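One structure is given here, and the rest of the page talks about it.
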Amino acid sequence: MGNLGYGFRPAHPGELLKEEIEYRKLSQSSLAKQMGLSYTVLNDILNERRPLTANTAMLFEAVLGINADLLMRMQLKYNMQLVRQDKTFADRLAQIRKLAVVI
């Protein structure tokens, strides 16, 4: 994936969280239990298969001390990167922009 105007490739917050959990040698199953999440949900976030929500960002902040606002900004930039790479959506935007000029 390209940098798309950010100067870097936006990372899914799960990438940062997974590195932190591995660095601290924490078990995903015990962490999931402590956070009140299913193991599957936690693992999906850490492996970038599921987006972080405001609720899960706050849970990670409580358990790991990583700022929830930072995590949500990472998720937003990651989401924008995905949308910018969606050719179908880009075509739709181009059509809308053509019509908006006429209005």
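Just so you know, all these numbers are worked out from the coordinates, no wet-lab data involved. Since the structure is predicted, the reported quantities are computational estimates derived from the model, not experimental observations. No Cβ is skipped: glycine too gets one built from the backbone with ideal geometry, and neighbour counts run over all protein chains shown.
If the cut-off is 17 Å between C-alpha atoms, which lysines fall inside it for LYS25, apart from same-chain ones fewer than 8 positions away?
LYS33
Among THR56, THR40, which comes first, then next, by fewest other beta-carbon atoms within 10 Å?
So the residues, fewest neighbours to most, are THR40, THR56.
Students often forget the sequence filter, so: which lysines lie under 26 Å Cα-Cα from LYS87 once same-chain residues fewer than 8 apart are removed?
LYS77, LYS98
Through the Karplus equation 6.51 cos²θ - 1.76 cosθ + 1.60, θ set to phi - 60°, convert the phi angles of the stretch 32-46 into ³J(HN,Hα) values in whole Hz; use x for Gly and Pro.
Ordered by residue, 3J(HN,Hα) equals 4, 4, 4, 7, x, 10, 6, 4, 4, 4, 4, 4, 5, 5, 5 Hz.
Run lengths n ≥ 4 of DSSP H only: what is the helix-derived mean residue ellipticity at 222 nm for the chain, with -39500 (n - 2.57) per run over all residues, to the nearest 500?
-21500 deg cm²/dmol
Using the 10 angstrom Cβ neighbour count as an exposure proxy, how do LEU42, LEU16, LEU26 rank, fewest first?
Final ranking by Cβ density, sparse to dense: LEU26, LEU16, LEU42.
What order do you get for 30-39, 89-98, 44-53 when each peptide is scored by the mean count of other beta carbon atoms within 10 Å, highest first?
The peptides rank, most packed first, as 44-53, 30-39, 89-98.
What list of ³J(HN,Hα) couplings, whole Hz, do you get for the stretch 49-57 from phi and the Karplus terms 6.51, -1.76, 1.60, once you set θ to phi - 60° and write x for glycine and proline?
9, 9, x, 7, 9, 4, 5, 5, 4
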